[in-house]
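Please read the structure below before turning to the comments.
The values are calculated or read from the model by the stated rules, or taken from the named source; none is laboratory data. Keep in mind that this is a model prediction, so the values were computed, not measured. Because the Cβ atoms are built from the backbone with ideal geometry, glycine has one as well, and the counts that use them run over all protein chains shown.
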Amino acid sequence: MEHPYSDALVRFIQDHPSVYHVIEGQRRQLQAAGYEQLLESRPWRLRPGGRYFVTRNGSALIAFRIPEGDFRGFMMMASHSDSPALKIKEQPEITVEGAYKKLNVEVYGGALLAPWFDRPLSVAGRLYLREGGAVRMQLVDFRRDLVLIPSLAIHMEPTANKGLEWKAQRDLLPLYGLADAQDLLALAAREAGAEPDAVAGHDLFVYNRQAPSVWGEGGVFLSSPRLDDLQCAFASLQGFLESGESASIPVHVVFDNEEIGSSTRQGAASPFLRDTLRRLTESLGLSESEYLAKLPQSFLLSADNVHALHPNRPDKSDPVNRPRLGGGVVVKYSGSQKYTTDAASAAIVSVLAERAGISLQTFANHSDIPGGSTLGNLSARQVAVKAADVGVAQLAMHSPYETCGSGDTEDLVALARALFSASLEETGSDCWAVR
């Protein structure tokens, strides 16, 4: 069974092991498609028919294109670039008993810890290098099996199969080499073509090196690192680049730091999206009042993956709103508005799905097992537009190796393409038409 978008997704995930690689990869795709990069520190001189993007912190990105003439509003899709991981601390090495050298790490996000053990791992991220009185960012990826977190043998931990409480500072530190191994930052500087004393700062992460796999009878399943949320970030950009022109401005958004609460300057709770939309309209000569008038005819798809029905623990799912792998795009609901979908936004998504030729599934948390929040409700605090939460159903969320349906990426790309090709028109009080 062939799924071209899933094949492209697998290549994207393998080639972009950190948030900084993800944004650099999308930056290059946009430039190749004729989009101009804007700098937040410089004046913006935008024009009708122009194509633009802006990045923040090297880990978040917003791209948009401006139609000729007036526009109704903004059609937006937001995802995030980060995944749970092990972040390397400032003093990376710890020597053990004069025998080994291991890496000092901390857990980033709500990681499922047990699957990190006994698998090939590597290191990627960014360095800041001194160059005279300036510093510049340099991506680094070792692209080889570099570290591993060894389990304690069952002979030494006889109760291991009854469940253990992992201590991150004790149990999660990856083995790096023998005691005389070269320091990690010196090795990273060499990978970047620099001298060790040129390193002024670093953001490095341990990542899973295991290759993605299509498996199951008929090849119906796809397992890979970082499906949450690179699957959505990939699908959003593909749909954005493939979409047609409309009477609205399409906006592709990738935030960072969703896994730790989004409360950074590049997260969904920041004013990054608001700042960008306001500067966009200001550059086109619109007033603050005219900008605010665009928002009622705007729409946001918050795209983040969702829990699938588990084959061994169906009791953990809602009795009826329980999406399956391979069932297509999922619309997420929450009475507490942890997900932003309501009747109005769900109706708009249904029109877009029909236009895209795809079916939809629904998700709600089991009422006794509350779930977390995601991008939509945080973004709406900054940009007050109608919004719905969607995603792809997956198993083992926040594991370093997650599983989804091998064909579901195609459906999410189709929905993104339909969104970015559409516009929203207010036709009456609480009434809208998808054009």
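Computed values, structure above
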item	result
Of residues in the stretch 392-435 being more than 29 Å from Asp82 (Cβ to Cβ) and in contact (Cβ under 8 Å) with a residue 40 or more places away in the chain, the one surrounded by the most Cβ atoms within 10 Å (Cβ to Cβ)	Leu424
Checking Gly69 against (1) touching a residue at least 12 places away in the same chain (Cβ under 8 Å); (2) at negative phi, the condition it does not meet	(2)
Tabulated pairs, the stretch 38-62, first within 21 Å of Glu24 (Cα to Cα), second exposed (fewer than 11 other Cβ atoms within 10 Å of the Cβ), C-beta under 7 angstrom, 6+ apart or interchain	Arg51/Gly34
Condition met for Arg435 (touching a strand residue (DSSP E or B) at 6+ places or on another chain (Cβ under 8 Å), basic (Lys, Arg) and modelled with pLDDT under 95)	yes
Of all residues making up the stretch 136-169, the number that are closer than 21 Å to Ile94 by Cα and more than 29 Å from the chain's Cα centre (by Cα)	2
Pair list, Cβ < 6 Å and 6+ apart or interchain, from the stretch 333-351 residues that are under 18 Å from Ala384 (Cα atoms) to residues that are assigned to a helix (DSSP H, G or I)	Gln337/Asn377; Thr340/Gly376; Thr340/Asn377
Among residues of the stretch 265-310, those that are closer than 22 Å to Gly110 by Cβ and surrounded by 15 or more Cβ atoms within 10 Å (Cβ to Cβ), counted	13
Top-ranked residue of the stretch 2-27 - restricted to ones that are at pLDDT 95 or above and aromatic (Phe, Trp, Tyr), ranked as nearest to Ser81 (Cα to Cα)	Tyr20
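For (1) under 28 Å from Ser270 (Cβ atoms); (2) of a type in the set (A, V, I, L, M, F, W, C), each residue gets a yes or a no:
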position: Arg355; (1), (2): no, no
position: Ser359; (1), (2): no, no
position: Val383; (1), (2): yes, yes
position: Val390; (1), (2): yes, yes
position: Ala393; (1), (2): no, yes
position: Pro400; (1), (2): yes, no
position: Leu412; (1), (2): yes, yes
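This table checks each residue for (1) crowded, with 22+ Cβ neighbours inside 10 Å; (2) in a helix (DSSP H, G or I); (3) touching a residue at least 40 places away in the same chain (Cβ under 8 Å); (4) of a type in the set (S, T, N, Q).
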residue	(1), (2), (3), (4)
Gly201	no, no, yes, no
Leu204	yes, no, yes, no
Ala211	no, no, yes, no
Cys232	yes, yes, yes, no
Ser263	no, no, no, yes
